[in-house]
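The values are calculated or read from the model by the stated rules, or taken from the named source; none is laboratory data. Every value quoted in this text rests on a predicted model; they were computed, and no experiment measured them. Don't worry about glycine lacking a Cβ; one is built from the backbone with ideal geometry, like all the others, and counts go over all protein chains shown. These accessible areas exclude ligands, DNA and RNA; they are computed on the full protein's heavy atoms, side chains included. Shrake-Rupley method; radii C 1.70, N 1.55, O 1.52, S 1.80 Å.
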Amino acid sequence: TIEVQDITAPVFTMVPMDTIVDCNAVPPVGTVMATDNCAAMVTLVYEGETRIDGSCQYRYVIQRLWSATDQCNNVTTALQTINVQDTTRPVFTSIPADVTVDCDNVPAPATMSATDNCTANVTIDYSGEERIDSNCLYNYRLIRRWIATDECGNTTLAEQNLQVQDTTRPVFTFVPADTVVNCNGIPPVVNPTATDNCTNDVDIAYLGETVVTSTGPDTYILERRWLAADDCSNVVFVSQFLTVQDS
């Protein structure tokens, strides 16, 4: 009497390898193969996958399970483990260009945008600006910084450099008018006024007066000169001409 039995489970000959992938590159369900010591026909069933959450939404483990069953219901299983990770930083899609601007035309901080390989939910924080002073109050550099953060804490830094300058001269808003006066009625000096595009602190200096033309001791043209200077030493000059005569 020979009692024949089948108590040996099938053996998987091909199972997708365990792997580590980025969150946007999870592979599709792979193909498995198995053999049996008795039968050529082995029933292969994909039993599904289990997700094991990790430290954030896009870091987790997937376990995929297959079963192989021979004709005598001997069963064996195979497991593939996929470690899903998010290690890729967000990418800014718009960064304002470095620019040189006048002191009265410094733009407001730009609105930034960024994308991520895993999520549409990217947080962008404006971390402020750093000022680096130069040779005067209105010549300086601004460094503006933004930080983009995805849901797994990967961050990217963006910077914009603004070179702020004051190259505009003050503008006189009042200058004593040119006038004709008698030689014994020369008026006292009246200082002009001026404004500046960057500062209210405009220095006005009287440079004195000079006879520019003369046709006699009491007939001449007198030039009075002033200069206006802002905090960055931009200078403008102005003159008043008094035509002096003996009438």
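Quick look at the numbers
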quantity: Positive minus negative residues near ARG141 (Lys, Arg vs Asp, Glu; Cβ under 12 Å); calculated: -3
quantity: Amide H within-cut-off set for THR8, under 5 Å, with H built and near neighbours excluded; calculated: none
quantity: Per the chain, cysteines lacking a partner by the 4.7 Å Cβ criterion; calculated: CYS38, CYS72, CYS183
quantity: Of all accessible heavy-atom area on the chain, the percent that carbon and sulfur account for (1.4 Å); calculated: 50 percent
quantity: Electrostatic dipole magnitude of the range 128-173 [Cβ: Lys, Arg +1; Asp, Glu -1; Cα centre; debye, to 20]; calculated: 300 debye
quantity: Point-charge dipole on Cβ atoms (K/R +1, D/E -1) for the chain, about Cα centre, debye to 20; calculated: 140 debye
quantity: Charge dipole (the range 1-160, unit charges on Cβ, about Cα centre) - positive-most of GLN63, THR19, ILE95; calculated: ILE95
quantity: Cβ-based net charge around TYR220, under 12 Å, with every Lys or Arg adding one and every Asp or Glu removing one; calculated: -4
quantity: Surface accessible to a 1.4 Å probe, per residue, for the residues of the chain, Å²; calculated: 59 Å²
quantity: Surrounding net charge for ALA39, when Lys and Arg each add one and Asp and Glu each subtract one, Cβ distance under 14 Å; calculated: -3
quantity: Counting all C-alpha pairs of the range 7-110, share separated by more than 21 Å (%); calculated: 57 percent
quantity: Cα shape, the range 114-203, gyration tensor, a/c 1.5 rule; calculated: prolate
quantity: Span from the the range 148-226 Cα centroid across to the the range 1-69 one, whole angstrom; calculated: 84 Å
